[in-house]
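As structure tokens, the structure follows; a few thoughts come after it.
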Amino acid sequence: MRLPYHVPLSGIDAQGLLSRLARLLWVAPFLLSLSFTALVIVWAQDNDRLEREASQRTVMADTLSLDAQLAARLETETATLRAAAARLPAPSAARNYQMATLPEIAAGLDRRWLSVVWLDVNGRIIGEARRELRRGTQTSIQSPGITLHLVAPTSDLRRPQTGQLIARYDPADLIKSKDFWWLAAQYEVQLVSGQDQVILSTETPGHAARGESYEMPFQAIADARLRLTQRVRQPHWFATLPVVLMVGFLALVTIATWLLRRQMNRVAQAEAAWRTEAAWRQSMQESALVGLRARDLKGGLLFVNRTFCAMVGYSQDELAKIGPGFDEQVQNAGNPNRHRNKSEGQETRWRHRDGRAIDVMVFESPLVDGQGQQVGWMGSIVDVTERKRLEEMDRRQREALANHARLSTLGEVASTLAHELNQPLTSIVGYSAGIATALQKQAQPDAELIEAAQALAHHASQAGDIVHRIRARLARREPNYGYFEVNPIVTHAVTLLQRDLKRTGADVSLDLEEHLPQVFIDRIGIEQVISNLLRNASDAMSGKNGARTIVVRTRLSARARVGRSESWVSVEVTDSGTGLGGHDIETLTEPFFSTKQEGTGLGLAICRSILESHGGVLYAEDAPTGGARFGFALPPANPSLEIHSP
Ligand code: ADP
């Protein structure tokens, strides 16, 4: 169904676009995951940058701090050296002077100094003190790396130009001092020359730290720089755990998306195949001329197609409401020919919603579900009403023809008999009359004999009449078919019988419908039928007191044939006679069935035979006003009937 505000989007159907978008839904989780991962990466990069900046700042602060502390230490040392220099004696009195006895020098050697040399103005050594000597070891301690010097002039106001005191110390010893343990744990501390050569390092070569580093001019040594390098290198942003996890997550999502897409494609293909199949099935079901019905094992309807609905006259919804009671609803039309055969199906009779019976052939096979379990029955139903009707019509036609032939033969026999009996019966009547006359002329007439002779003449005469009547009724005549209107035929028959009817005191009235369609009939045959019915009506009223009325009525009546309604022309003769006396039409139309003394019992049999040879029907019922109603109906002019016409 289209939306009322449906607008085509630049040639693409909006709903088509929507369904295309829906088909691309599988990519949504992937895109979301991708965006999420991108956000995490951006965050990681930013975080990394901030951490690096913070780290840089820390390194810088630590470098500055170390530089200041080292400078302070050296300043202290220089101050000590100066103090020692101030306390030195004059060079002239320095012979055999033990410099190590000076408390400042002793403290300096104990602390950090490797040696202290006293030079005069010319650079000659006046005195010397060494740490190893002071400690009592003879082995000279040679520093493995470079050594640095602290210089303090010995000259002052008191002793001008007396030289200088030089303290040699190991800068590595200074840097590796326990005082800076907290730095050594975090950083590699280096002294770098102006040519970028490492003068000193707290690390053994080959174990260089790789983290953040900062360097600055080292105050204590001209042209040297102090460099701090973090031991632990901060990992790159792409090597951090969240990013690694996110990449792993993305890989998993990619695989999941691919699987999802494959699954969706399969589902879409299956759905498309299912839709095609459903559409085919639907069109097959709807176009099938066979009724289709699926029932569960309890008899509840699962499915019916359109043909089935048309067959029984109920809509699908109504059938769904009827539920398992469906069979009782439609199958109560009697079932004379019911038989069951697996391959040939079951023939049964159902009742259409409008009340008419329909003959159907039901072919049922088990209905199985996807697991192969039987869940019900699938039935194909073929409407064989028309076939049965044609078969029935054919049978009746043949029966009517056989009846006709029998009646014709009978008529011929009766005619011959009548002809043959006529002469002897006339003779018997004549002779009996003659005998009676002769007996009357005798002197002593025997009354009994005369009576017997007269009775003989009377009965012979009656027998003659019967023979005449039979001959008249069964006179052989060839039918002559044509298109006729019924009303004039009725009027003609009534006119012909008017005198006879008047004699019995019957009052005939006509109730003829105008504009009736023509019918294809043998005019004289149908007129004979109407006359017969009129005569029977008149006979039925002859022994009855009270009003004697006959109403002849013509009508267009609806009759169902081949599953559809047709308009048949019917003629009904209603009398106020004795009624049917409990006899049905089958009994009344049996040849030679008669309740009349002088009846032949052939009239109605012939009427039925004539009507059935027209494809019509004869019926009889008790009239609601008392009396009987005999009627017949003729089908509308139909060329197919001409084939069956005798
Ligand atoms: P018949 O008239 O020679 O008896 P029919 O075949 O015409 O033979 O009629 C058969 C029987 O049907 C009659 O004997 C009568 O019992 C019955 N019948 C026919 N028409 C009527 C009628 N209008 N009312 C009552 N019974 C009738």
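The values are calculated or read from the model by the stated rules, or taken from the named source; none is laboratory data. This one's a predicted model, so the numbers in the text were calculated from it and none came from an experiment. Virtual Cβ from ideal backbone geometry, glycine too; neighbours counted across all protein chains shown. Accessible surface is based on the protein model in full, side chains and every heavy atom, while ligands, DNA and RNA are left aside. Shrake-Rupley method; radii C 1.70, N 1.55, O 1.52, S 1.80 Å.
Measuring from label point to label point, each 7 Å out along Cα→Cβ, what is the residue 58 to residue 197 span in nm?
Here the modelled spin labels are 3.4 nm apart.
With every protein chain in place, what's the accessible area of residue 386 (1.4 Å probe, Å², nearest 10)?
Residue 386 has an accessible surface of roughly 60 Å² with all protein chains in place.
To the nearest 0.05, how large is the calculated FRET efficiency for residue 448 and residue 423 if R₀ is 22 Å and r is the Cβ-Cβ distance? Working shown, then result.
Working: r = 29 Å, r/R0 = 1.31.
That gives a FRET efficiency of 0.15.
Which order do 377, 258 take by accessible area at a 1.4 Å probe, largest first?
Reading off the accessible areas and sorting them downward yields 258, 377.
At a 10 angstrom cut-off on C-beta neighbours, averaged per residue, how do the peptides 432-440, 248-256 rank from highest to lowest? Don't skip to the end; give the middle numbers.
On the way: 432-440: 15.9, 248-256: 13.3.
Highest-to-lowest ranking by the protection proxy: 432-440, 248-256.
If you count only protein heavy atoms and use a 1.4 Å probe, how large is the accessible surface of residue 76, to the nearest 10 Å²?
80 Å²
Pull out the extension gain between residue 507 and residue 559, defined as 0.36 nm times the separation in residues minus the alpha carbon to alpha carbon distance; nm, one decimal.
15.7 nm
Please list 267, 467 in order of solvent-accessible area, largest first, computed with a 1.4 Å probe with all protein chains present.
267, 467
Based on the Cβ-Cβ distance of residue 368 and residue 265, what FRET efficiency does E = 1/(1 + (r/R0)^6) give at R0 = 30 Å, to the nearest 0.05?
With a Förster radius of 30 Å, E is 0.55.
Aspartates and glutamates within cross-link reach of residue 596: Cα-Cα under 18 Å, excluding same-chain residues under 8 positions apart?
465, 500, 539, 575, 584, 586
Alpha carbon centre of region 190-246 versus region 591-642: separation in Å?
About 130 Å separates the Cα centre of region 190-246 from the one of region 591-642.
Extension gain residue 495-residue 65, at 0.36 nm per residue separation less the Cα-Cα distance, in nm?
So the extension gain works out to 139.8 nm.
Report Rg (one decimal) and Dmax (nearest whole number) for the chain, counting Cα atoms only, units Å.
Taking only Cα atoms of the chain, I get Rg and Dmax of 69.2, 237 Å.
Mind giving me the nanometre distance, one decimal, between the label points for residue 274 and residue 222, set 7 Å out from Cα along Cα→Cβ?
9.3 nm
As a test of reading the structure, rank 378, 216 by solvent-accessible area (1.4 Å probe, protein chains only), most first.
Working: 378 55, 216 30 Å².
From most accessible down to least: 378, 216.
Among 287, 240, 255, flag the residue with its Cα farthest along the positive direction of the charge dipole of region 229-329, charges on Cβ as +1 for Lys/Arg and -1 for Asp/Glu.
After comparing all options, I get 240.
State the percentage of accessible surface on the chain attributable to carbon and sulfur atoms; use a 1.4 Å probe and exclude ligands, DNA and RNA.
Here carbon and sulfur together make up 57 percent of the probe-accessible area.
For region 492-567, what is the convex hull (Cα atoms) projected area averaged across all directions, in square nanometres? Intermediate results must be reported in sequence, preceding the final value.
Details: hull surface 25.8 nm².
For the Cα atoms of region 492-567, the hull's average projected area reads 6.5 nm².
Using the charge dipole of the chain (Lys, Arg: +1 at Cβ; Asp, Glu: -1 at Cβ; taken about the Cα centre), state which of 363, 79, 89 has its Cα farthest towards the positive end.
Final value for the positive-end residue is 89.
Place +1 on the Cβ of every Lys and Arg and -1 on the Cβ of every Asp and Glu in the chain, take the dipole about the Cα centre, and give the residue among 166, 416, 31 whose Cα lies farthest towards its positive end.
Projecting each Cα onto the dipole axis, the largest value belongs to 166.
Determine the gain in length on full extension of the stretch residue 75-residue 178; use 0.36 nm per residue of separation and subtract their C-alpha separation, reporting nm with one decimal. Walk me through the numbers on the way to the answer.
Numbers: separation 103, 0.36 × 103 = 37.08 nm, distance 1.83 nm.
So the extension gain works out to 35.2 nm.
Just grab the label-to-label distance for residue 587 and residue 466, each label 7 Å out from Cα along the Cβ direction, in nm (one decimal).
Reported label-point gap for residue 587 and residue 466 is 2.3 nm.
Pick out the long, greasy-scoring helices in the chain: whole DSSP H runs spanning 24 Å or more along their own axis by Cα, mean Kyte-Doolittle at least 0.0.
27-87, 241-287, 486-503, 523-542
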